[in-house]
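Report on the following structure.
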Amino acid sequence: MNARIKLENVTKRFGSVHAVEDLTLSLADGEIFGFLGTNGAGKTTTIKMLLGLIAPDSGTIEVLGGDPRKAVTRRRIGFMPETAYYYPFLNVRELLAFYGGLCGMEPKRVKERTEELLVKVGLESAAKRQLRTFSKGMLQRAGIAQALLHDPDLLILDEPLTGLDPLARIHFRDLILELKEAGKTIFFSSHELSEAELICDRVAILKGGACVFNGAVKEIAGDGGDNLERIFLNVLERPAVMEQGGVA
Amino acid sequence: MIFRQFSALIRLSLLDLYRRKDLFVLLVLSLVLLAPLAMIQPFGVTGASRYMNEVAMLLIWIFSIVITLGVTSRLFPPEFESRTIYPLLAKPIGRGTLLFGKYLGALTTSLSALLFFYLLYGMMTGLRQGEWFPPIFMQAFLLHVGFVVLLAAFGLFGSLLVTPSANMTLCGIIVGGMLFYGQRLPALAEVTPVPAKWFVWLSYAIGPHFEFFDMRQRLIHSWSMVRWDACLLTLLYACVYSAACLLLANALLKRKKL
């Protein structure tokens, strides 16, 4: 299968801080990939590089076969940020119309997709309210809608479960699995190990900017009853040595 | 695609201004200040009538400077502060397109306000003097548009260097300084000792000449129009200077750390 994301020996430093160190990852077509790690492990920096927002100091990044710093590559990427950074004076319909315009979508198509997505994320009754009145969970749902608006091939979700109540989490999980069925590739960073275990095909664990584990979730479950939480604790307590549980 | 992106950014600027209600405050204020001026009958004294026009024009210039700087100073800093820049740049839009789209948005809002002020002024003087939108009025409006084009680009460049409040203050000082002293800088340079003399000449050479666009005196005193070739040259100056500001702003935006 084609690699949708390919990082080779990627390093990013901010002064003396090693944000990402010699990271090599590859993400196959139609895969759900969990990107795990503690706070400050380098997850968000990696995501910023995947989106072309910052450039790596060394190494190569290929997203959907192209350079993510080029706008044409980002046409097929949907991104949902960790915290809902949207314009508080807009309502959700206006927000989607704005992002649809930035994606170059036809206004008619934007309207159709907006109605579809409002139902899908459960915001149809709040469509006319300004985002400043939204709860955190509602903003997250608006974030999912804007990420899916242009029907991207690859979804990059930064901590998508933050602020979601249990019911919304279940809906979100179903939505992710539905998107996988539709052939989308999903890369998401999370602290939620149980959720990652439920929906991911593969996971990578980051520690101090370096990948210390990269493996298939199925193999973890079949490996002497270990679960992701145990693996997570084990690799974070040990010195940073790459543990290969599956295909890197 | 690029036109849809520009259109989305212009719409965002208009919605921002409309929802923030800042513009309404200025529009209401202008109505409150200008409408009574239109009603005053200065006993047929020509000088008094001109005085009314001068006050009105001064207010229009102050409001247009406040609105243009207020809008352009807020174009980028809040995007970085509230981090709305991340989902924005994750979309298939280049930074240059984003910058120019935001500039167009700022221009649309500032010029809409300017048009409203001039229409109000035109009607006010028309009611009082019986002369509706004379050619000198149209020329003054055109040059004021050039002024806003230049100021918006200058303010946008500044907004990527300093905070919004510092940008408003600095740009305000430069605009005020150029409007009052811009024409006198060469004469000042002649009487200034070296090395300050070179600084004055440098300011004159590279500073934005906002005073070129000020037609208030001609309009108020109904003097003759400026020659059209000079007028077009002034507008060309605004375009070239604005393009230079936008290029510098683009270079700054590309280097901005995310």
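Taking the listed residues A:SER58, A:SER16, the one that is out of contact with any strand residue (DSSP E or B) (no Cβ under 6 Å at 6 or more places or on another chain) and without any contact (Cβ under 8 Å) to a residue 60 or more places away in the chain is A:SER16, with no other qualifying. Candidates in segment B:34-50 are the residues that are open to solvent by 70 Å² or more (accessible area, probe 1.4 Å) and either at pLDDT 80 or above or part of a helix (DSSP H, G or I) (or both); of these, the one that is farthest from A:LYS108 (Cα to Cα) is B:THR46. In segment B:118-141, the residues that are modelled with pLDDT of 90 or more reach residues that are among the hydroxyl-bearing types (Ser, Thr, Tyr) with C-beta atoms within less than 6 angstrom, at least six apart or across chains, in these pairs: B:PHE141/B:TYR118. Entry remark, segment A:87-111: residues being open to solvent by 20 Å² or more (accessible area, probe 1.4 Å), at the interface with chain B (Cβ under 9 Å from one of its Cβ atoms) and out of contact with any strand residue (DSSP E or B) (no Cβ under 7 Å at 6 or more places or on another chain) number 5 in total. In the set (1) under 22 Å from the mean Cα position of the chain (by Cα); (2) open to solvent by 10 Å² or more (accessible area, probe 1.4 Å); (3) of a type in the set (Val, Ile, Thr), the condition left unmet by A:THR133 is number (1). Taking the listed residues B:LEU247, B:LEU232, the one that is open to solvent by 60 Å² or more (accessible area, probe 1.4 Å), over 30 Å from B:MET138 (Cβ atoms) and modelled with pLDDT of 90 or more is B:LEU247, with no other qualifying. A:LYS128 meets each of the listed conditions (1) crowded, with 21+ Cβ neighbours inside 10 Å; (2) not in a helix (DSSP H, G or I) apart from (1).
Residues being in contact with an Asp or Glu (Cβ under 9 Å, 6 or more places away or on another chain) and open to solvent by 30 Å² or more (accessible area, probe 1.4 Å): count how many of those fall in segment B:143-162. Qualifying residue count for the region: 0. All of (1) at pLDDT below 95; (2) open to solvent by 60 Å² or more (accessible area, probe 1.4 Å) hold for B:ILE220 with one exception: (2). Looking only at segment A:135-159, count every residue that is in a loop (DSSP other than H, G, I, E, B) and modelled with pLDDT of 90 or more and tell me the total. Summing the residues that are in a loop (DSSP other than H, G, I, E, B) and modelled with pLDDT of 90 or more in segment A:135-159 gives 5. When you check B:ALA166 against the structure, is it under 29 Å from B:TRP228 (Cα atoms) and among the hydrophobic types (A, V, I, L, M, F, W, C), yes or no? Answer is no for this residue. Scanning segment B:85-110 for residues that are of a type in the set (A, V, I, L, M) and more than 9 Å from chain A (Cβ to nearest Cβ) yields B:LEU99, B:LEU104, B:ALA106, B:LEU107. Taking the criterion of being over 12 Å from the mean Cα position of the chain (by Cα) and in contact (Cβ under 8 Å) with a residue 12 or more places away in the chain, the residues of segment B:143-164 that qualify are B:PHE157, B:GLY158, B:SER159, B:LEU160, B:LEU161, B:THR163, B:PRO164.
When A:LEU155 is tested against (1) more than 21 Å from A:GLY30 (Cβ to Cβ); (2) under 17 Å from the mean Cα position of the chain (by Cα); (3) within 14 Å of chain B (Cβ to nearest Cβ), just one condition goes unmet, and that condition is (1). Every listed requirement among (1) open to solvent by 40 Å² or more (accessible area, probe 1.4 Å); (2) without any contact (Cβ under 8 Å) to a residue 12 or more places away in the chain; (3) closer than 25 Å to A:ALA168 by Cβ is met by A:VAL72 save one, (3). When B:GLY122 is tested against (1) open to solvent by less than 20 Å² (accessible area, probe 1.4 Å); (2) within 18 Å of B:ASP16 (Cβ to Cβ); (3) in a helix (DSSP H, G or I), only condition (2) is not met.
State whether the residues of segment B:100-110 include one that is part of a helix (DSSP H, G or I), open to solvent by less than 30 Å² (accessible area, probe 1.4 Å) and more than 19 Å from B:LEU14 (Cβ to Cβ). No, segment B:100-110 contains no residue that is part of a helix (DSSP H, G or I), open to solvent by less than 30 Å² (accessible area, probe 1.4 Å) and more than 19 Å from B:LEU14 (Cβ to Cβ). Would you confirm, using the coordinates I've provided, whether B:SER165 is open to solvent by less than 70 Å² (accessible area, probe 1.4 Å) and either out of contact with any Asp or Glu (no Cβ under 6 Å at 6 or more places or on another chain) or not small (Gly, Ala, Ser) (or both)? When the stated conditions are applied, B:SER165 does not pass them. Got at least one residue in segment A:118-126 being in contact with a strand residue (DSSP E or B) (Cβ under 9 Å, 6 or more places away or on another chain) and without any contact (Cβ under 8 Å) to a residue 60 or more places away in the chain? Yes, segment A:118-126 contains a residue that is in contact with a strand residue (DSSP E or B) (Cβ under 9 Å, 6 or more places away or on another chain) and without any contact (Cβ under 8 Å) to a residue 60 or more places away in the chain.
On the given criteria, is A:ARG141 within 30 Å of B:GLN5 (Cβ to Cβ) and in contact with a Leu (Cβ under 9 Å, 6 or more places away or on another chain)?
yes
Of note, A:LEU123 does not satisfy the criterion of being facing chain B (nearest Cβ under 8 Å), at pLDDT below 95, touching a Lys or Arg at 6+ places or on another chain (Cβ under 9 Å) and open to solvent by less than 40 Å² (accessible area, probe 1.4 Å). Among the residues of segment B:16-33, the one identified as surrounded by 18 or more Cβ atoms within 10 Å (Cβ to Cβ) and either more than 17 Å from the chain's Cα centre (by Cα) or facing chain A (nearest Cβ under 7 Å) (or both) is B:ASP16. Looking across segment A:26-69, the residues that are open to solvent by less than 10 Å² (accessible area, probe 1.4 Å) and at the interface with chain B (Cβ under 10 Å from one of its Cβ atoms) come down to A:ILE47, A:LEU50, A:LEU51, A:PRO68.
The values are calculated or read from the model by the stated rules, or taken from the named source; none is laboratory data. This structure is a prediction, so every number in the text was calculated from the model and none was measured. Heads up, the Cβs are rebuilt from the backbone with ideal geometry, glycines too, and the neighbour counts pull from every protein chain shown. In case anyone asks, the SASA skips ligands and DNA or RNA and just uses the protein heavy atoms, side chains included. Shrake-Rupley method; radii C 1.70, N 1.55, O 1.52, S 1.80 Å.
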